[in-house]
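Accompanying notes for the structure given below.
The values are calculated or read from the model by the stated rules, or taken from the named source; none is laboratory data. This structure is a prediction, so every number in the text was calculated from the model and none was measured. Neighbour counts run over all protein chains shown; Cβ positions are idealised from the backbone, glycine included. For accessibility, only protein heavy atoms count, side chains too; no ligands or nucleic acids. Shrake-Rupley method; radii C 1.70, N 1.55, O 1.52, S 1.80 Å.
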Amino acid sequence: MKRRPEPELMDTHEQAIAYAQADFTESNTLFIELLRKLAPGPLDGARALDLGCGPADISIRFLRAYPQARCDALDGSQPMLDLARAALDRSPGVVSRCRLICDQLPSASLPSHHYDLILSNSLLHHLHDPGVLWRTLLETGKPGAPVLIMDLMRPASAGWVEALVSTYAEGEPEVLRSDFRSSLFAAFEPAEVCDQLVAAGLTELSVAVVSDRHLAVSGRLPR
């Protein structure tokens, strides 16, 4: 099935609220489980970068799992970051270790070769040029830094898209159902992501199917 790109930003208040209120416990828990396998140590003093942080649920889960780490969380949607700020303010012990950045990729706000760990959940499918994500990893991560990128993967047919929407967005607001449907059409297939990594010179990273609707890119940056 051919890819159908969607807008890069979820920048309306309605979209942000619907996304923040949706239950992503299953997929976000999976993300942290994958991260623990990739980076099993305590990450004392580590500085992480969360790209496309949205309402910051992944950033908050990361900082709770790694209480000696810090995180810079970037998103281009101010409504999403407003919700992220509210969520952080409700998270004692976490808020002081997270810095929110409103910007899009490529970002001049990010320091070069600075981060010990780079994370991203559900950003890749929004990008019209996926190469901008892979270039950002190389530009901002320290040599050998662990990387975990999780995203939706494009189903084989429109019928399978509708089946996933029915399964995972039943009873959700129509704006969320519509955005989920668009995101599935906009997502990449695993083979396409493999080709992107080869083109970017990131052959150390591997692609795996980790659920019926998610793929994950993991490994370490070149040294």
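Computed over the chain, the per-residue total of -39500 (n - 2.57) for DSSP H runs of n ≥ 4 gives a 222 nm mean residue ellipticity of -12000 deg cm²/dmol, rounded to 500.
Within the stretch 174-191, what residues put their amide N at less than 18 Å from the label point 7 Å along the Cα-to-Cβ vector of Glu14? Once the point is set 7 Å along Cα→Cβ of Glu14, 174-183 turn out to lie under 18 Å by backbone N, inside the stretch 174-191.
Less than 5 angstrom separates the built amide H of His214 from those of Met153, all sequence-distant by 5 or more or on a different chain.
Placing unit charges on the Cβ atoms only, positive for Lys and Arg and negative for Asp and Glu, gives the chain a dipole magnitude near 740 debye about its Cα centre. Between Arg99 and Cys71, Asp72, Ala73, the built amide H atoms are under 5 Å apart, and every one of these is 5 or more places off in sequence or on another chain. The phi-based Karplus calculation (6.51 cos²θ - 1.76 cosθ + 1.60; θ = phi - 60°) puts the 3J(HN,Hα) values of the stretch 39-47 at 10, x, x, x, 6, 4, x, 6, 10 Hz, whole numbers, x for Gly and Pro. Rg and Dmax over the alpha-carbon atoms of the stretch 108-198 stand at 15.6, 45 Å. At 1.4 Å probe size, with the rest of the protein present, what percent of the exposed accessible area of the chain is carbon and sulfur atoms? Taking all protein chains in place, the chain shows 53 percent carbon and sulfur surface. In order along the stretch 211-216, the phi-based Karplus estimate (6.51 cos²θ - 1.76 cosθ + 1.60, θ = phi - 60°) of 3J(HN,Hα) comes to 7, 6, 9, 10, 10, 9 Hz; Gly and Pro are listed as x.
Among the listed values (i) 20.2; (ii) 15.0; (iii) 11.0, the one computed from these coordinates for mean projected area of the Cα convex hull in nm² is (iii). Coupling constants for the stretch 56-68 follow from the phi torsions by the Karplus curve (6.51 cos²θ - 1.76 cosθ + 1.60, θ = phi - 60°), and in residue order they are 6, 5, 5, 4, 5, 4, 4, 5, 6, 6, 10, x, 9 Hz; glycine and proline get x.
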